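Visitor: One structure, pasted below without further comment.
The values are calculated or read from the model by the stated rules, or taken from the named source; none is laboratory data. Everything quoted here is computed from the prediction, not taken from an experiment. Please note: Cβ atoms are built from the backbone with ideal geometry, for glycine as well, and neighbour counts cover all protein chains shown. With ligands, DNA and RNA removed, areas are computed over all heavy atoms of the protein, side chains included. Shrake-Rupley method; radii C 1.70, N 1.55, O 1.52, S 1.80 Å.
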Amino acid sequence: MIANISSKKIKTFFKLLIFIIIGFEILVKISYILIPERHYSTSGWEGETDRYRGFYSLPERCLDYLVLGNSHSYHSVNPMQIYALTGFTGYNLGNSCQSKTLSYYWLLEACKYQAPRYVFLDIGSLLYAPEDTYEEWRLLGLLDMKPSLLKLQAIRDASTSKDLFYSLIFPLYRFHSRWPELNKDDFSEYNSSNYYIKGSSIFFGQNSLLHGTEKEDRAVEHYYSSFDTNIHESLNDYRINEIEALYFEKITDFCSQNNIELIPTKFPTADWTKEKAELVESYINSLGLSILDLTEDINFNWQYDTHDAGSHTNYWGATKTSYYLANFLSAKGTLINHKDDPAYAAWNEDWLGYSAWETEQLLTDAQKSLRYLNFLQDIKERYYIMISVKENAIGSQNHHIRAALRNLGLQTDFSGENLQNSFIAVIDGGNVIFEKWDNQRMWFESFYADALSQEHYINITSAGFAYGNVSIIQVDNVEYSLNNCGLNVVVMDKANGTIASSVSINTSDPELKYHEKLFSDSNSDWSKRMFDYGMIKDGYYQFTYYTDTDFDSSKHFIIKHLGNGLYAIQDPDTGKYMSVKNGETSPEKSISFDVWNDMTTQKWHILQNEDSSYTIYSLYNGQVLNVGKLRLENQSEFLSSMQSIYLVQL
């Protein structure tokens, strides 16, 4: 009888235990679903969800180095660029205002899966107490760590309030009110296949610093007012925080015990003053370490290299840092290039995806507009091209746009005298059959028979700003014009009358805003053909330019089209490629010739001018190549003699 009672109690106990375990797992899954995902975007989202879940999707034991620390770390290091330059693999596990407590636990967590040889650790947080930073940042720094005993320890040591502790232990506590906001993405498994940036946050805006170029000038207020923290304290009050020092020394010990070289680093920021540097350096040196001060060591141009007035680097600043670290790691002589290792094929695939994304971010609307018009010049014999102006097509016509329109066969004057006038042009198989400006609303009507003898009714209207302000381009009574300010272009296939594309180019806007819509399934290869088109054919060229004393100076290079209207320029003697040296952004800096690495610093636009000469622009920084002096210069309205070259294929 007693045995039966004991047996029932045991069964009841195990049933209850199973019920509790299942219930707990359900609550964990519900909590996971309710945690808001923060995905990276170039408009300002730093992507904590992508950073940490992306880390767990990496193959084990594939990383050569880790980057840890506050926001200066992941704004400053681009692991994909370092991979392109060296074949070394790395990842950034920092977060906004990351304390050394969090850096320590993320280092331990990372080393469960990876065996890094080097760790770059930003040392800026040594000067502030963890409890003085925004709680939200500490929350985001741990939410996506995998559940484990180590995470519980991290929560215990990093929580500076009961609310934060409960939120990290049981996210449902904080996020239970998100039920109405849930969508299907919240229930989907995380997919890292399109996350190429390996924990970094890359922003392409430029917001210059206004206080000159010296770090001391930038600290004239003598206040620490970084975007990383809400602390505002006098420089005289700075001291090494005891808790930060405790965990920094734990990191030092862990690295020493695990054959990891710890590199205390100050990633670039205009907030890093001489006083701060000296205080932290004294402490670091007392531990037998030295600081890699990138704010001091790299030639930053705070007019171009920051997106928030000096607090953090932008894409160009991060590129400079990544060049520096690539050279730094290469000089160590301990890492190997993984590019040819089949085990790292995924990194090569990620590079291709990253490179295409990076190029797309740097292509301006003006460059896309020119690429499109130059492509039309190449294929115009096969198409019926209709152009209609809305509002104004005059105001920002540059010599490249005028040259592209001339190459299409248009002869009328895109100048100030036609400001806000109406304009229509029709090009049939390369022949201009109608072209006219007018200071009133204007129309064009016609019937066109395609190669299949099918007739199509063409109806075009243009009205400048004062005459109705509209663009209409109809084929068979269907509207295809995008009806935007400037040039509206519709392209019809002469073979079957299908519409291939519709584009608007705002030629009254200095940025030449570009919009495109593809219409026809039969022209689904349109984008690929435009990508593949190169105005300059691959080959060996003489670059001829003019100087005040020498009217027949020349250099010789090999030109290779890369797609998207971009080119590589190769020195035939060395086999190396023209490059923006070390990601430089300041004008009047010499270029370099390097082995091919597929970086944007090696990609160039070659654009035709009205006099049939060409100008070469860097995709990376938009500056103009002075061929005679082999340096980059700012673009001006009137190109210098050595910025305009004539190309002769040999």
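Visitor: What do you reckon, is Leu108 under 25 Å from Asn259 (Cα atoms) and in contact (Cβ under 8 Å) with a residue 12 or more places away in the chain?
Guide: Working: under 25 Å from Asn259 (Cα atoms): yes; in contact (Cβ under 8 Å) with a residue 12 or more places away in the chain: yes.
Considered against the rule, which asks whether it is under 25 Å from Asn259 (Cα atoms) and in contact (Cβ under 8 Å) with a residue 12 or more places away in the chain, Leu108 comes out as yes.
Visitor: Out of all the residues in the stretch 457-466, which are modelled with pLDDT under 95 and either in contact with a Cys (Cβ under 8 Å, 6 or more places away or on another chain) or assigned to a strand (DSSP E or B) (or both)?
Guide: Gly464
Visitor: Run Glu296 past the list (1) open to solvent by less than 20 Å² (accessible area, probe 1.4 Å); (2) closer than 10 Å to Phe267 by Cα and report the number of the one that doesn't hold.
Guide: So the condition that Glu296 fails would be (1).
Visitor: Taking the stretch 23-60 on its own, how many of its residues are modelled with pLDDT of 70 or more and farther than 29 Å from Gln114 by Cα?
Guide: 1
Visitor: If you take the residues in the stretch 315-368 that are loosely packed, with under 13 Cβ neighbours inside 10 Å and of a type in the set (Val, Ile, Thr), which one is farthest from Leu487 (Cα to Cα)?
Guide: Only one residue tops the list, namely Thr334.
Visitor: Still on this structure: Looking at the stretch 464-474, is at least one residue under 19 Å from Ala425 (Cα atoms), over 30 Å from the mean Cα position of the chain (by Cα), open to solvent by 50 Å² or more (accessible area, probe 1.4 Å) and of a type in the set (A, V, I, L, M, F, W, C)?
Guide: Within the stretch 464-474, one or more residues are under 19 Å from Ala425 (Cα atoms), over 30 Å from the mean Cα position of the chain (by Cα), open to solvent by 50 Å² or more (accessible area, probe 1.4 Å) and of a type in the set (A, V, I, L, M, F, W, C).
Visitor: Quick check on the stretch 625-644. Is at least one of its residues buried (at least 22 other Cβ atoms within 10 Å of the Cβ), within 23 Å of the chain's Cα centre (by Cα) and within 20 Å of Gly317 (Cα to Cα)?
Guide: Yes, there is a match, as at least one residue in the stretch 625-644 is buried (at least 22 other Cβ atoms within 10 Å of the Cβ), within 23 Å of the chain's Cα centre (by Cα) and within 20 Å of Gly317 (Cα to Cα).
Visitor: Are any of the residues in the stretch 384-397 open to solvent by 40 Å² or more (accessible area, probe 1.4 Å), more than 23 Å from Ser73 (Cα to Cα) and either assigned to a helix (DSSP H, G or I) or among the polar types (S, T, N, Q) (or both)?
Guide: So in the stretch 384-397, the residues open to solvent by 40 Å² or more (accessible area, probe 1.4 Å) come out as 391, 395.
In the following step, the residues that additionally are more than 23 Å from Ser73 (Cα to Cα) were identified as 391, 395.
Then keep just the ones that are either assigned to a helix (DSSP H, G or I) or among the polar types (S, T, N, Q) (or both); that gives none.
Looking for residues that are open to solvent by 40 Å² or more (accessible area, probe 1.4 Å), more than 23 Å from Ser73 (Cα to Cα) and either assigned to a helix (DSSP H, G or I) or among the polar types (S, T, N, Q) (or both), one finds none in the stretch 384-397, hence no.
Visitor: Which of the following residues is free of Cβ contacts under 8 Å to residues at least 24 places away in the same chain and farther than 30 Å from Tyr238 by Cα: Asn337, Asn285, Asn348? Quick ask: steps written out before the conclusion?
Guide: Details: Asn337 fails: free of Cβ contacts under 8 Å to residues at least 24 places away in the same chain; Asn285 fails: farther than 30 Å from Tyr238 by Cα.
Asn348 is the lone residue from the list that is free of Cβ contacts under 8 Å to residues at least 24 places away in the same chain and farther than 30 Å from Tyr238 by Cα.
Visitor: Check off (1) closer than 15 Å to Tyr344 by Cβ; (2) open to solvent by less than 10 Å² (accessible area, probe 1.4 Å) for Leu66 and give me the number that stays unchecked.
Guide: Only one criterion in (1) closer than 15 Å to Tyr344 by Cβ; (2) open to solvent by less than 10 Å² (accessible area, probe 1.4 Å) is unmet by Leu66, namely (1).
Visitor: Now for a separate question. Does any residue in the stretch 258-275 that is under 20 Å from His312 (Cβ atoms) come within less than 6 Å, Cβ to Cβ, of a residue that is polar (S, T, N, Q) and in a strand (DSSP E or B) six or more places away or on a different chain, and which pairs are these?
Guide: Pro268/Thr313
Visitor: Can you report the number of residues in the stretch 73-110 which are surrounded by fewer than 24 Cβ atoms within 10 Å (Cβ to Cβ), among the small types (Gly, Ala, Ser) and within 15 Å of Tyr52 (Cα to Cα)?
Guide: 2
Visitor: Return the residues of the stretch 602-622 that are more than 23 Å from Gly539 (Cβ to Cβ) and open to solvent by less than 10 Å² (accessible area, probe 1.4 Å); say none if nothing qualifies. Explain how you work it out, then say what you get.
Guide: We begin by selecting, within the stretch 602-622, every residue more than 23 Å from Gly539 (Cβ to Cβ); these are 610, 620-622.
Passing the criteria: only Tyr620.
Visitor: Also, I was wondering about something else. Identify the residue in the stretch 581-599 that is closer than 22 Å to Gln303 by Cβ and of a type in the set (Asp, Glu) and, among all such residues, is farthest from the chain's Cα centre (by Cα).
Guide: Per the criteria, the residue is Glu588.
Visitor: For Leu246, only one of the following conditions fails: (1) open to solvent by 20 Å² or more (accessible area, probe 1.4 Å); (2) within 25 Å of Gly622 (Cβ to Cβ); (3) of a type in the set (A, V, I, L, M, F, W, C). What is its number?
Guide: Only one criterion in (1) open to solvent by 20 Å² or more (accessible area, probe 1.4 Å); (2) within 25 Å of Gly622 (Cβ to Cβ); (3) of a type in the set (A, V, I, L, M, F, W, C) is unmet by Leu246, namely (2).
Visitor: Which residue is least open to solvent (accessible area, probe 1.4 Å), if the candidates are limited to the stretch 250-271 and must be among the charged types (D, E, K, R) and touching a strand residue (DSSP E or B) at 6+ places or on another chain (Cβ under 7 Å)?
Guide: Just the residues of the stretch 250-271 that are among the charged types (D, E, K, R), to begin with: 250, 253, 261, 266, 271.
Keeping just the survivors that are touching a strand residue (DSSP E or B) at 6+ places or on another chain (Cβ under 7 Å) gives 261, 266.
Details: Glu261: 61, Lys266: 3 Å².
Out of the qualifying residues, it is Lys266.
Visitor: Looking at the stretch 54-139, what strands (runs of 3 or more DSSP E) fall wholly within it and have at least 3 residues that are under 26 Å from Leu279 (Cα atoms)? Talk me through it step by step, then tell me what you get.
Guide: On the way: elements: 65-68, 90-92, 118-122.
The qualifying strands (runs of 3 or more DSSP E) are 65-68, 118-122.
Visitor: Determine, yes or no, whether Ile458 is crowded, with 18+ Cβ neighbours inside 10 Å and β-branched (Val, Ile, Thr). Let's see the steps before the verdict.
Guide: On the way: crowded, with 18+ Cβ neighbours inside 10 Å: yes; β-branched (Val, Ile, Thr): yes.
In short, yes.
Visitor: Among all residue pairs at least 6 apart or on different chains, which show Cβ distances below 8 Å where the first residue, located in the stretch 594-610, is in contact (Cβ under 8 Å) with a residue 40 or more places away in the chain and closer than 23 Å to Ser369 by Cα and the second is acidic (Asp, Glu) and open to solvent by less than 40 Å² (accessible area, probe 1.4 Å)?
Guide: Thr600/Glu358
Visitor: Surrounded by 22 or more Cβ atoms within 10 Å (Cβ to Cβ) and either among the aliphatic types (A, V, I, L, M) or in a strand (DSSP E or B) (or both), is that true of Tyr567?
Guide: yes
Visitor: Continuing with the same structure: Name the single residue that is most open to solvent (accessible area, probe 1.4 Å) among those in the stretch 484-503 being among the hydrophobic types (A, V, I, L, M, F, W, C) and in a loop (DSSP other than H, G, I, E, B). Let's see the steps before the verdict.
Guide: To start, the set of residues in the stretch 484-503 that are among the hydrophobic types (A, V, I, L, M, F, W, C) comprises 485, 487, 489-492, 495, 499-500, 503.
This time we only want the ones that are in a loop (DSSP other than H, G, I, E, B), so: 485, 495.
Numbers: Cys485: 26, Ala495: 50 Å².
The residue in question is Ala495.
Visitor: Exactly one condition in (1) open to solvent by less than 70 Å² (accessible area, probe 1.4 Å); (2) in a helix (DSSP H, G or I); (3) modelled with pLDDT under 90 is not met by Glu275; state its number.
Guide: That leaves (1) as the condition not met.
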